[in-house]
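Trainee: This is the structure I want to talk about, given as structure tokens.
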Amino acid sequence: MTKGEAATAGHGGRARRADAERTVLTILEAAEQVLSRNPTATMEQIAEAAGVARTTVHRRFASREALVDAMTAWATRQFGAAVDAAHSSTAPPLVVLHQVTANVLRIKIDWGFAMGRASEGDPEVARVHAAVLDKCDQMFRRAREAGVLRPDADLPWTRRVYYALIHEAARSEGDADTLAVQVLDTLLRGVGTDRVH
């Protein structure tokens with residue numbers, strides 16, 4: 001095989017891998033949509049929604065459980081990447097808070113079924129969630145140092161409230177950016193008035 005043929009073969013291999021990855025992602029996205037509406041949906045229903053043959057789904061996923069596990073792993077990686085993409089030690093803390101919140105909400109809204117299935121007993125899920133928790137704590141420490149949070153703010157409690165607000169927002173109607181504004185407005189300003197003593 002000449003160098004040119006080897007390069008062409010290598011390019012063909014990369015193209016086939018890219019096609020296979022796109023097919024897998026199409027199946028995972030279809031599975032998320034179908035299972036969100038009907039958690040008992042069959043592999044055949046998922047294949048139909050993905051626009052692929054049933055055999056294509058079975059070739060890539062040995063069982064329905066394997067498909068759900070793959071969805072959970074994919075969603076968990078996206079969740080971690082969403083936080084990484086917005087986490088910054090240089091941007092203003094309020095900007096980082098908004099971006100992290102909006103990014104996480106996009107994942108939780110788009111991958112709600114899979115995220116709901118994520119088990120902390122899975123080492124990969126546990127690793128991602130531990131890294132996210134660490135970044136969240138860093139984010140809130142910076143916010144407190146910058147005066148966005150009160151100097152006496154209890155950061156573990158703040159994080160727990162923040163997580164609860166995100167959980168509720170992900171179940172609400174609206175786009176991620178609007179919901180992020182609502183989450184942060186509630187977290188930082190609450191729903192009371194300045195007249196409450």
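Trainee: Among the listed residues Thr158, Thr186, Thr178, identify the single one that is under 18 Å from the mean Cα position of the chain (by Cα) and more than 18 Å from Met115 (Cα to Cα).
Mentor: That would be Thr178, the only listed residue that is under 18 Å from the mean Cα position of the chain (by Cα) and more than 18 Å from Met115 (Cα to Cα).
Trainee: While we're on this one: Being under 22 Å from Glu29 (Cα atoms) and either assigned to a helix (DSSP H, G or I) or free of Cβ contacts under 8 Å to residues at least 12 places away in the same chain (or both): is that true of Glu173 here?
Mentor: Criteria met by Glu173.
Trainee: Here's a follow-up. Considering each residue of the stretch 25-51, count those that are crowded, with 17+ Cβ neighbours inside 10 Å and either of a type in the set (Ser, Thr, Tyr) or in contact (Cβ under 8 Å) with a residue 40 or more places away in the chain (or both), and give that number.
Mentor: Qualifying residue count for the region: 5.
Trainee: Restricted to the stretch 52-103, and to residues that are in contact (Cβ under 8 Å) with a residue 24 or more places away in the chain and of a type in the set (Gly, Ala, Ser), which residue is surrounded by the fewest Cβ atoms within 10 Å (Cβ to Cβ)?
Mentor: Ser89
Yes/no per residue for (1) under 21 Å from the mean Cα position of the chain (by Cα); (2) among the β-branched types (Val, Ile, Thr); (3) under 24 Å from Arg141 (Cα atoms):
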| position | (1), (2), (3) |
| --- | --- |
| Arg16 | no, no, no |
| Thr26 | yes, yes, no |
| Glu29 | yes, no, no |
| Pro39 | yes, no, no |
| Arg59 | no, no, no |
| Ala66 | yes, no, no |
| Met71 | yes, no, no |
| Val95 | yes, yes, yes |
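Trainee: OK, next. Which members of the stretch 100-125 meet the condition of being under 12 Å from the mean Cα position of the chain (by Cα) and outside any helix (DSSP H, G or I)?
Mentor: Result: Trp111, Ala118.
Trainee: Just wondering, is there one or more residues in the stretch 126-148 that are without any contact (Cβ under 8 Å) to a residue 40 or more places away in the chain, farther than 16 Å from Val96 by Cβ, touching a Cys at 6+ places or on another chain (Cβ under 9 Å) and outside any loop (DSSP other than H, G, I, E, B)?
Mentor: no
Trainee: On the given criteria, is Arg142 of a type in the set (D, E, K, R), over 25 Å from Asp175 (Cβ atoms) and surrounded by 14 or more Cβ atoms within 10 Å (Cβ to Cβ)?
Mentor: For Arg142, the condition - of a type in the set (D, E, K, R), over 25 Å from Asp175 (Cβ atoms) and surrounded by 14 or more Cβ atoms within 10 Å (Cβ to Cβ) - is met.
Trainee: Further, regarding this structure: Considering only residues of the stretch 112-139 that are open to solvent by 20 Å² or more (accessible area, probe 1.4 Å), in contact with an Asp or Glu (Cβ under 7 Å, 6 or more places away or on another chain) and more than 17 Å from Ala164 (Cα to Cα), which is modelled with the lowest pLDDT?
Mentor: Ala126
The values are calculated or read from the model by the stated rules, or taken from the named source; none is laboratory data. None of the values given here were measured: they were computed from a predicted structure. With ideal geometry, Cβ positions are generated from the backbone for all residues, glycine too; neighbour counts draw on all protein chains shown. Heavy atoms of the whole protein, side chains included, go into the accessibility calculation; ligands, DNA and RNA do not. Shrake-Rupley method; radii C 1.70, N 1.55, O 1.52, S 1.80 Å.
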